[in-house]
Amino acid sequence: MILNAAQRDRAAGALLGSAAGDALGAGYEFTYPADDVVIDMIGGGPFDWAPGEWTDDTSMAMGVAAGLSPGRVDLDAIAAAFADWYGTSPPDIGNQTRSVLSGRDRTAVPMAARAASIAGRTGGNGSLMRTAPVALAFLDDDIACADAAAAISDLTHSDDRAREACQMWSAAIAHGIRTGSRDGLRQWVTDAPAHTRTYWEPLLDMAQYGSPADFPNNGWVVHALQTAWWAICAADGDLPRGLELCVRAGNDTDTTAAIAGGLLGACAGASAVPDRWRDMLHGYPGRTASDLAALAARITGN
Ligand SMILES: [Mg+2]
């Protein structure tokens, strides 16, 4: 799809917004910042990040991006990129992702089979946190976007809610890049099969009209999505404010802010990410903000 200048800015914004949320939240992970704490890109946190350094959320999004090109997804390339990242012994890998990637598979079919074999709780937020790049490859094909989002989620998270969350968020990001509006999220739910719609509609209402105390377990994909949607609505789409609200909600702060940042950036554009943050952003595999903008251009074919 040929993009105009505003759409190109919003495509870059999806990647930059997510990375900025990740790096902003990194210093506050597993905490609940008090009201008088200033939220800034300070680094530190439980894994001692450098200021502006992103975490596993964006590192894995880079793996997703490695398998995307205009209108196409290469699941084996994504699986190989995940395996390469795992080989660097990342400090902050999620439990479910670790269980799968420790199998050392380098292709999609055995990786997804290993994910499907894991018993117990499977609905961590680890596939939603890395979904921002998917929409960029499928801006004019909603069905292919949904199929790719599901297949990429399934590589590590064999879970209906994780899959649906990735499809919903990817559809909203695509709509945001096309139009600048966040209405695509509600539209996806409205258009979903009845059993999916009746599950998510009240949860989105709760997020839009409630508070983080209503969805405190944001390591779970459902509460993570609700926290992100709450922050986006409460900030009325303002990117820095929305990311700050995710961090103030506490707990898995880098991930809720990374999720929110993907959609905030898709609607508001890379130009909504403060220059000071853009200058600081960096992370695995040796990338910076300008690399993310170039990556967005490559994936959209613009
Ligand atoms: Mg993280």
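The values are calculated or read from the model by the stated rules, or taken from the named source; none is laboratory data. On a predicted model such as this, the values are computed, not experimentally measured, just so you know. No Cβ is skipped: glycine too gets one built from the backbone with ideal geometry, and neighbour counts run over all protein chains shown. The area values use the complete protein model at the heavy-atom level, side chains included, leaving out ligands, DNA and RNA. Shrake-Rupley method; radii C 1.70, N 1.55, O 1.52, S 1.80 Å.
Hey, does region 162-179 have a residue that's outside any helix (DSSP H, G or I), open to solvent by 10 Å² or more (accessible area, probe 1.4 Å) and among the small types (G, A, S)?
Within region 162-179, the subset outside any helix (DSSP H, G or I) is none.
No, region 162-179 contains no residue that is outside any helix (DSSP H, G or I), open to solvent by 10 Å² or more (accessible area, probe 1.4 Å) and among the small types (G, A, S).
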Worksheet entry | Those residues of region 26-84 which are in a strand (DSSP E or B) and away from the ligand (no atom under 14 Å from the Cβ), in sequence order | L68, S69, R72, V73
Worksheet item: Would a scan of region 262-281 turn up a residue that is touching a helix residue (DSSP H, G or I) at 6+ places or on another chain (Cβ under 8 Å), charged (D, E, K, R) and either open to solvent by 50 Å² or more (accessible area, probe 1.4 Å) or closer than 19 Å to D57 by Cα (or both)?
Response: yes
Item to complete: Given the conditions (1) within 25 Å of W277 (Cβ to Cβ); (2) surrounded by fewer than 17 Cβ atoms within 10 Å (Cβ to Cβ); (3) polar (S, T, N, Q), report the number of the one that T190 does not fulfil.
Response: (1)
Worksheet item: Which of the residues that make up region 237-291 are within 14 Å of the ligand (Cβ to nearest atom), out of contact with any Phe, Trp or Tyr (no Cβ under 6 Å at 6 or more places or on another chain) and hydroxyl-bearing (S, T, Y)?
Response: T255, T256, Y284
Response to the item:
Restricting attention to region 91-116, the residues that are within 16 Å of the ligand (Cβ to nearest atom) and open to solvent by 20 Å² or more (accessible area, probe 1.4 Å) number exactly 5
Worksheet item: Just to be sure, is D40 crowded, with 24+ Cβ neighbours inside 10 Å and of a type outside the set (V, I, T)?
Response: no
